[in-house]
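Every number in this text was worked out from the coordinates using simple rules, so none of it is lab data. Predicted, not measured: the structure shown is a model, and the values here were computed from it. Cβ: placed from backbone, ideal geometry, glycine included. Neighbour counts: every protein chain shown.
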Amino acid sequence: MTTAHAYAREHAGDFKEQLKDLIRLPSVSTDPAYAPQVRRTAEWLVAHFTGLGLAARLIEKEGRHPIVFAEWNGAGAAARTVLIYGHYDVQPAQKADGWLTEPFEPVEQNGRIYARGATDDKGQMFIHVKAVEAILKTRGRLPVNVKFLIEGEEESGGEHIAQYVNSHPPELRADVCLISDGGMTRIEEPVIVNALRGATGLEITVYGPKADLHSGMYGGSVYNPLQALAEIIARLHDDAGRVTVPGFYDDVLPLTAEERAEIAATELDEATWRAETGASLPWGEAGYSLSERLGARPTLEITGLAGGYHERGFKNIVPAKALAKISIRLVANQQPAKILALVEDYLRQLTPPAVRLEITARAGGMGAALVNTATPMMQAAINAYRQGWGAAPVFKREGGSIPIVSSFQSVLGLPVILMGFGLNSDGLHGPNESYSIEMFERGIATAIHFLDEVAAL
Ligand code: BES
Ligand code: ZN
């Protein structure tokens, strides 16, 4: 009899080609122009799950991207149920952003697949689809019941899935939630993420004159909105790298000596940080290590700035308006709505009376998530890595966010296991995102072991 692991090895080539088909669909959720492609991707997944013998369907909501739901309940009511979450949407990508190849035409090179979504999160999510396939095809049944919940708006805030989870649908009943949407630094040191940051954000526009003005005729007499915006933004951090918004840190729980020691055990060394970022010198909140700044402290980041003339040559104007996008990362115990209100108040305070500030968009807020590592489910995950990956995992706090995780914990009461199968150097959200095929294959082996370990608990 072929084992599930042997099946996965024998079909590794097919799995990879299927993943490339999935990646070719440009499911960019943040840009409404891609909505039809997002839907096609969801439909592709439903057809794929159906082909594997799962009951699959779309969960729809007017004006939102569909969620893919697929389940296999043949293990019976007495068996455990694993809810597998992932996202099929991706960040925007255009060749001109610095891609060496077409972002939605996967290219294989040096054992890696280069394409948008290759690691975040199509490739990592697909690991579990293929693990389920390998077991079903060789044993005819899974050791546990499985539910897949794959959303299409993770990269744009996850509003649809949040509403869905908050309505307590009975179909989400499970014993554990499994997610692969993160990374490790080195392939020999697999990581289970034990903290994710929360996130919120906003877009502001500063308005000045009623239209662009001749900078000779009026420059020096009107407050230039680009200058005003630059001044506002420059005041959001002090010289010690701290966010100056009054009250910003009030609810942050100070790190205990034990927590600091735990973080230090996997401290990001500066050389690795430099290799990953390509930046010359670290920056950030004084008094905290790099890993603490990333995993355990809140931050405020300017993610976009626009206004005035930025094509070739010069155009002598005082622009009518200027725009900035701000992203805020939160840690445990900080409330997104409260922080957003504090930031808005402070921005208004900083705005000179000669210009007008408008909050032109707000990102939905989601809280941070802390994971209890002392649970039987976590032990199952550790055992799975030992057998499937060939190394025991370390626990690490992560700076990124997966919006729905805190709802899985607080609304559904589920233990969450964050088994990331990407590398931090995969270039997620940037040009030339890539995914290691070896990690895809070792991930499938680990995922098979996890389902067996959960059944054996
Ligand atoms: N997969 C990432 C988050 C992530 C990155 C987790 C690295 C662990 C390690 C996810 O797809 C993502 O980028 N999420 C967004 C959410 C935001 C829109 C609220 C993020 O973190 O910016
Ligand atoms: Zn992701």
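Descriptive notes on the structure:
- Per-residue [θ]222 nm for the chain (sum of -39500 (n - 2.57) over DSSP H runs n ≥ 4, rounded to 500): -9500 deg cm²/dmol
- Angle between the chain longest axis and helix 35-51 axis [Cα atoms, degrees, rounded to 10]: 10 degrees
- Three-way shape label, segment 268-409, alpha-carbon gyration tensor, a/c 1.5: prolate
- Applying a threshold of 22 Å to the alpha-carbon distances of 325/396; 122/338; 210/315 flags 325/396; 122/338 as lying beyond it.
- Using a Förster distance of 41 Å, the FRET efficiency for residue 52-residue 362 (Cβ separation, nearest 0.05): 0.55
- Extent along principal axes [Cα atoms of segment 305-349; Å; largest to smallest]: 49, 21, 10
- Three-way shape call for segment 389-457 based on the alpha-carbon gyration tensor, with the a/c threshold at 1.5: oblate
- By DSSP, the beta bridges lying fully in the chain are antiparallel in about 70 percent of cases.
- Acute angle (nearest 10 degrees) that the helix 437-456 long axis makes with the longest principal axis of the chain, alpha-carbon atoms: 60 degrees
- Segment 113-208, relative contact order in percent, only Cα pairs under 8 angstrom and at least six apart counted: 28 percent
- Summing Cβ point charges (Lys, Arg +1; Asp, Glu -1) relative to the Cα centre of the chain gives a dipole of roughly 540 debye.
- Here segment 1-61 and segment 72-135 have alpha carbon centers that stand 8 Å from each other.
- Prolate/oblate/rounded label for segment 332-441 (Cα gyration tensor, a/c 1.5): oblate
- Unit Cα scatterers, Debye sum, segment 78-152: log10 I(q)/I(0) for q = 0.18 Å⁻¹: -0.81
- Each residue, residue 310 and residue 211, gets one label point 7 Å from its Cα in the Cβ direction; the gap between the two is 2.4 nm.
- Leading residue at positive end of dipole, the chain (Cβ point charges), from 373, 140, 249: 140
- Long-range Cα-Cα pairs in segment 218-303 (distance over 19 Å), rounded percent: 54 percent
- Once C-alpha pairs closer than 8 Å and six or more residues apart are averaged by separation and normalised to the residue number of the chain, the relative contact order reads 26 percent.
- Helix 336-350 and the longest principal axis of the C-alpha atoms of the chain enclose an angle of approximately 20°.
- Semi-axes of the equivalent ellipsoid for the chain, computed as √(5λ) from the eigenvalues of its C-alpha gyration tensor and ordered from largest down, come to 41, 25, 21 Å.
- Rg to Rh quotient for segment 199-264, alpha carbon positions, Kirkwood Rh: 1.24
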